[in-house]
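Structure first, then comments.
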Amino acid sequence: MIQGELFAKVAFAYAEAENGRLNNSALYQRVGDPDKLKRKDPVGKDGQLHSLEARKIRWVQQTMKRLGLLQRVSPGVWGLSHQIKEQLHQATADVKMVAFSTTLGVAIWARSESVLPGLAPETVHLCITSPPYPLRYARAYGNPTEADFHEFICRSLEPVVKALVPGGSVVLNISNDIFMPGSPARSLYVERMVLALHDRLGLHLMDRIPWVNFSKPPGPTHWACAIQGGRKQLCVAYEPIFWFTNDPMKVRSDNRRVLEEHTARHLKLMASGGAGRDAQYGDGAYVLRPGSFGNETAGRIPKNVLMKGHVCPDTMEYRRFANGSGLRTHGAMFPTSIPDFFIRLLTEPGELVIDLFGGTGKSGLAAERLGRRWIVFEMIYEYLAGGSSAFKNFPGFEFAGMRPVSG
Ligand SMILES: C[S@@+](CC[C@H](N)C(=O)[O-])C[C@H]1O[C@@H](n2cnc3c(N)ncnc32)[C@H](O)[C@@H]1O
């Protein structure tokens, strides 16, 4: 099981060691609590005496090996898998570093595809992510093409699906606003993606939930706003969020974890004992009886549309910190309320949430606040560096990977 807090300590110990290499006893000395290391407790059926502190450190070390963060240098000596000789901003295929961690989670600076195959046997309860959209004019971090998107997403998610618990979920926030070249018609890449995830990875579509955001800037510029485009389209105000599971009959969602407050009108209806009349609607499909809706319930079940603007205190705080630290800011964050909603709906405290394209770490932040374990992958160093400041007051916060490792 991921031990978030220790991740950064172990990574830091390797980063600080001469040539980035350590044998295990040196690792225990650097990371462990000296008193706990001395203490031996009976372990297993035969009750052999071992240091539980050393075992905990070794466990983290094993997970880091599986994830490819450590590599064997010589018998009994391990080192960080990449020695960074100069300041790299975008992780190449072999850069894998712990950026920061807390007791509950870890942010890894790497291309997610280079780390994920090592994820099993870690079990994932929810993968929530906003992948790079196939935009014609790519963001600073680049993107896959419209034609290849379904391949890209299947490749990225395959190891996650293998590690997903039965009834676990995958939630993808993508753009609906990809247009065919020279045309106001939308690309069908979204449909291709849904079919590919179903046919190739066995994921079942639970819902496509529009994230309605009226604060989106007017667009698509050419087809909605520019005279040359003929004003053919309406201005976009939503992005779809796709929710999949590997096993719909065991799906772990529970809408009681996301109940909203009843409206004043509904509270009044309940207080009055419910409907006071007999009525039928929809040719008898909906029947109202005296007392209907009179039962006292804990809250309102949310509709499957999320109405959320971009304004998010965490984003504002992130921008302040990143600008003040001279770090390039992210151009496409979601508000923390998006992962917060899905993490509550789809997981219980203590379960594992991962984000493959983590940006500034909003999914990790929401998971941390909700007491879920988390792993965030992100390939751009500056985004994690900027995002880390939101975690600094959480238990076990350690900041490890933002310094180059001397080679
Ligand atoms: C749409 S943004 C996600 C933003 C994030 N939800 C947030 O609120 O900060 C997509 C992110 O994926 C990252 N990315 C793209 N390809 C990646 C890869 N192969 N591995 C890890 N991160 C990647 C980009 O650098 C970018 O930050």
Just in segment 177-283: which GluC sites (Glu not before Pro) are loop by DSSP and have at most 13 other Cβ atoms within 10 Å? GLU261
With 0.36 nm assigned to each residue of separation and the Cα-Cα distance removed, GLU261 to ASN23 gains 80.1 nm
Check: the chain dipole with +1 on Lys, Arg Cβ and -1 on Asp, Glu Cβ, in debye: 300
Prolate/oblate/rounded label for segment 147-200 (Cα gyration tensor, a/c 1.5): prolate
How much accessible surface area, in Å² rounded to 10, belongs to the heavy atoms of THR63 with a 1.4 Å probe? 0
Compute the relative contact order of segment 95-178 as a whole-number percentage, counting only Cα pairs closer than 8 Å that sit 6 or more residues apart in sequence. 34
Return one number: the angle in degrees, 0 to 90 and rounded to the nearest 10, between the long axis of the Cα atoms of helix 52-66 and the longest principal axis of the Cα atoms of the chain. 70
For the pair GLN71/THR103, report the inter-label distance in nm, with labels modelled 7 Å from Cα in the Cβ direction. 3.6
What does the accessible area of GLU151 come to, in Å² to the nearest 10, when a probe of 1.4 Å is used? 70
Answer with one residue from ALA366, LEU259, GLY32: the one whose Cα lies farthest towards the positive end of the charge dipole of the chain, charges on Cβ with Lys, Arg +1 and Asp, Glu -1. GLY32
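I'd like the FRET efficiency for LYS162 and ARG369, computed as 1/(1 + (r/R0)^6) with the beta carbon distance as r and R0 of 25 Å, rounded to 0.05.
Once the sixth-power term is evaluated, E becomes 0.35.
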The chain: relative contact order as a whole-number percent, Cα under 8 Å and 6+ apart: 22
Rounded to the nearest 5, what % of DSSP beta bridges with both residues in the chain are antiparallel? 65
Sorted peptide list for 104-114, 330-340, criterion being average Cβ within 10 angstrom, highest first: 104-114, 330-340
As I understand it, the value is the acute angle between the Cα axis of helix 313-324 and the longest principal axis of the Cα atoms of the chain; what does it come to in degrees, rounded to 10? 50
LEU195-SER183 pseudo-label distance in nm [points 7 Å out on the Cα-to-Cβ vector]: 1.5
Ignoring ligands, DNA and RNA, what percent of the 1.4 Å accessible area of the chain is carbon and sulfur? 53
Say we join alpha carbon atoms closer than 10 Å with springs in a Gaussian network model of the chain; which of ARG289, ARG136, ARG192 then has the biggest fluctuation? ARG289
Just subtract the alpha-carbon distance of LEU288 and ARG300 from 0.36 nm times their residue separation and send over the number in nm, one decimal. 2.5 nm
What order, most packed first, do the peptides 41-49, 224-232 have when packing is the mean number of other Cβ atoms within 10 Å of each residue? 224-232, 41-49
Placing unit charges on C-beta atoms (Lys and Arg positive, Asp and Glu negative, everything else neutral), compute the dipole magnitude of segment 236-347 about its Cα centre in debye, rounded to 20. 140
Ignoring everything except DSSP H segments at least 4 long, calculate the 222 nm mean residue ellipticity for the chain; use -39,500 (n - 2.57) per segment, divide by total residues, nearest 500. -8500 deg cm²/dmol
Over the chain, average the accessible area per residue using a 1.4 Å probe and give it in Å², no decimals. 50
Set of lysines with alpha-carbon distance to LYS216 below 26 Å, sequence-local pairs under 8 removed: LYS232, LYS303, LYS308, LYS362
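Using only the heavy atoms of the protein chains and a 1.4 Å probe, how would LEU267, LEU234, LEU70 rank by accessible area, largest first?
LEU234, LEU267, LEU70
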Using only Cα atoms, tell me the angle between helix 4-16 and the longest principal axis of the chain; keep it within 0 to 90° and round to the nearest 10. 40
On a 1.4 Å probe surface of the protein chains, which of ASP207, ASP283, ASP355 comes out largest in accessible area, and what is the full order? ASP283, ASP207, ASP355
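The values are calculated or read from the model by the stated rules, or taken from the named source; none is laboratory data. Quantities reported herein were computed from a predicted structural model and do not represent experimental measurements. All Cβ positions, even for glycine, are placed from backbone atoms using ideal geometry, and neighbour counts span all protein chains on display. Please note that ligands, DNA and RNA were not included when accessible areas were found on the heavy atoms of the full protein model with its side chains. Shrake-Rupley method; radii C 1.70, N 1.55, O 1.52, S 1.80 Å.
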